[in-house]
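Chemist: Handing you a structure now.
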Amino acid sequence: MITRDEAHELAQARLSAGFDEPQEISLYEFDLGWVAWRTPKPVAPGSPPTSTGGPQIVVDRETGDISRWPSIAPSAIAEQYTAAHAEADRFPPDVHAMLTKAGWFPGRNVSETIDAWLQRDAQVLAEFPISEAARTALNEFGGLVIRPAESQYRSLFSPLPDGVATTRISGFVEEYEDLADYAGPAFPLGDHENGPCEIVMDPRGRVFMLHWSRDFFLGHGMDEALVTLCRNRRFPSAMNGFTEPDQD
């Protein structure tokens, strides 16, 4: 464990690099460590500050590791650091890196965008009741575009894939009716370019790919489905997914 004095010493060494003398350091303490930044020098009343913003770092309380953060409020950095720490083991490293490249980060929430999409396309989506699981998945991953390495096909997450609203709507409805016999009403999460085909989620949170050739099972939840998509795995038949033991 790192003490406050040790954190201050580490931060001062890092933030004083490039200066002729050690810089004065300010610390903001939170559960997992300290946010540190160079203390602004005082200026005369009415004078502009000597700088606007500056590098901030986090010194981890357990390891002493230092990470660099943007010039935002220390409390906001603490929240983001805590969220990132909680998510550290959620995805395998390769999948985590691919999702991060696509724009995902721990605590991501685009619910306002999802609200706008749902309102805009309410008439078409009226046939597809959105479950709590689907809403949670879209709030976090809506708008992301994932292209796995060594694949020419992308997966796009949006509650209304382009093909659904045009010539493919009839076939899409029929596919949902077939799927409902096994899983209950599903909701569109996005589109996969191989086909193209729809990525959907049933009320239990299981994720499927509705391809023109047959339906495929991607995972028992959104995280598992993302691992399957990011690693470009061979997709198992949806029927195999339906007959597997319950994962509840």
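Chemist: Return the sequence-ordered ³J(HN,Hα) values of region 103-111 in whole Hz as given by the Karplus equation 6.51 cos²θ - 1.76 cosθ + 1.60 applied to θ = phi - 60°, using x for Gly and Pro.
Modeler: x, 7, 8, x, x, 4, 8, 10, 4
Chemist: For residue 33, which sequence-distant residues (separation of 5 or more, or a different chain) have an amide H within less than 5 Å of its own amide H, given hydrogens modelled in the peptide plane?
Modeler: Here the answer is 61, since their amide H atoms fall under 5 Å of that of residue 33.
Chemist: Under 5 Å between amide H atoms, partner at least 5 residues away or on a different chain: which partners does residue 219 have, H built in plane at 1.01 Å?
Modeler: Sorted by chain and number, the residues that satisfy this are 207.
Chemist: Here's a follow-up. Pull out the extension gain between residue 108 and residue 152, defined as 0.36 nm times the separation in residues minus the alpha carbon to alpha carbon distance; nm, one decimal.
Modeler: Roughly 13.2 nm would be gained on extension.
Chemist: Next question, about the same structure. Net charge near residue 75: determine it from the other residues with C-beta under 14 Å of the C-beta of residue 75, scoring Lys and Arg +1 and Asp and Glu -1.
Modeler: -3
Chemist: Applying the Karplus parametrisation 6.51 cos²θ - 1.76 cosθ + 1.60 with θ = phi - 60° to the phi angles of region 191-203, what ³J(HN,Hα) value in whole Hz is obtained for each residue in order, glycine and proline being reported as x?
Modeler: For region 191-203, the Karplus-derived couplings read 9, 10, 6, 6, x, x, 8, 8, 9, 10, 10, 8, x Hz, x marking Gly and Pro.
Chemist: Right, another one. 5 Å is the cut-off here: which amide hydrogens, built 1.01 Å from N in the peptide plane, fall below it relative to residue 211, excluding neighbours closer than 5 in sequence?
Modeler: Sorted by chain and number, the residues that satisfy this are 216.
Chemist: Which whole-Hz couplings ³J(HN,Hα) result when phi for each residue of region 18-24 is put into the Karplus expression 6.51 cos²θ - 1.76 cosθ + 1.60, θ = phi - 60°, listed in order with x for Gly and Pro?
Modeler: x, 9, 6, 9, x, 8, 6
Taken together, the values in this text are just the output of simple stated rules run on the coordinates, not laboratory data. A quick note: this is a predicted structure, and the numbers were derived from the prediction, not measured. With ideal geometry, Cβ positions are generated from the backbone for all residues, glycine too; neighbour counts draw on all protein chains shown.
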